[in-house]
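The values are calculated or read from the model by the stated rules, or taken from the named source; none is laboratory data. As the structure is a prediction and not an experimental result, all values here were calculated from the model. Cβ atoms come from the backbone with ideal geometry, glycine included; neighbour counts cover every protein chain shown.
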């Protein structure tokens with residue numbers, strides 16, 4: 001894990017570039033959700049008997065922003081798990097620009113549309129809350145509700161975390177960053193502390209916007225997180 005100094009430098013870059021990639025400026029097509037009148041859910045191919053069904057439920061970092069159909073987080077994670085001898089089907093349930101509130105709103109819609117109960121749901125939300133300066137208490141409440149619903153349905157979960165930009169000040173940072181470890185402990189779920197660890201700030205790993213990972217960056221993320229997901233699947 002990189003030092004916190006390096007991570008905060010990366011988080012500063014994240015904050016400085018997100019304004020151009022927020023929902024109002026995000027031209028990438030996003031999966032439909034109930035709040036925009038949609039009636040469809042992410043397509044799910046039939047899983048083989050020995051395959052694990054994993055749902056990647058998050059924002060643009062999961063959605064594969066400006067990447068090809070096989071370059072986003074879901075397909076590359078699926079490939080990384082396969083290389084680790086963990087046959088899985090990973091469903092892309094990422095929506096660019098989603099806040100934690102938007103994710104909370106569409107969770108039941110997403111889960112109800114699946115062919116069966118997932119073996120694991122990865123939850124990666126909160127980055128857009130931070131970049132909008134939303135009160136961390138609201139972010140906490142929304143992610144808490146998402147994990148509570150997954151627990152109610154007896155669906156295992158795993159959190160991927162985000163750092164707060166230093167520009168927001170130490171009080172905001174303290175209130176925001178504790179959300180992920182606190183909720184991971186509360187619900188006894190694994191935590192991958194920073195989804196862009198080892199990738200943010202490296203030009204060959206990021207798109208030109210300096211925010212979203214390139215195909216190479218996504219591959220690095222998938223390779224880093226796959227062993228932890230494999231462990232989560234056998235808890």
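Annotations for the structure displayed:
- Matching entry among 176, 194 (being more than 16 Å from residue 61 (Cα to Cα) and either in a helix (DSSP H, G or I) or in contact (Cβ under 8 Å) with a residue 24 or more places away in the chain (or both)): 176
- Some residue of the range 89-106 being surrounded by fewer than 13 Cβ atoms within 10 Å (Cβ to Cβ), at pLDDT 95 or above and either over 19 Å from the mean Cα position of the chain (by Cα) or within 22 Å of residue 151 (Cβ to Cβ) (or both): no
- Any hit, the range 209-219, residues being under 17 Å from residue 161 (Cα atoms), out of contact with any strand residue (DSSP E or B) (no Cβ under 7 Å at 6 or more places or on another chain) and part of a helix (DSSP H, G or I): yes
- Failed item in (1) buried (at least 17 other Cβ atoms within 10 Å of the Cβ); (2) modelled with pLDDT under 95; (3) assigned to a loop (DSSP other than H, G, I, E, B), with residue 28 passing the rest: (1)
- Count of the range 189-223 residues, restricted to those that are out of contact with any helix residue (DSSP H, G or I) (no Cβ under 9 Å at 6 or more places or on another chain) and under 22 Å from residue 52 (Cα atoms), is 0.
- Considering the range 192-211, the residues that are surrounded by fewer than 19 Cβ atoms within 10 Å (Cβ to Cβ) and on the phi < 0 side of the Ramachandran plot include one that is modelled with the lowest pLDDT, namely 209.
- Beta carbons closer than 8 Å, at least 6 apart along the sequence or on distinct chains, never pair a first residue in the range 212-235 that is in contact (Cβ under 8 Å) with a residue 12 or more places away in the chain and on the phi > 0 side of the Ramachandran plot with a second that is surrounded by 17 or more Cβ atoms within 10 Å (Cβ to Cβ) and part of a helix (DSSP H, G or I).
- The residue of the range 197-208 that is nearest to residue 68 (Cα to Cα), among those that are in contact with a strand residue (DSSP E or B) (Cβ under 9 Å, 6 or more places away or on another chain) and not in a helix (DSSP H, G or I), is 207.
- Any hit, the range 165-177, residues being under 21 Å from residue 98 (Cα atoms) and surrounded by fewer than 16 Cβ atoms within 10 Å (Cβ to Cβ): no
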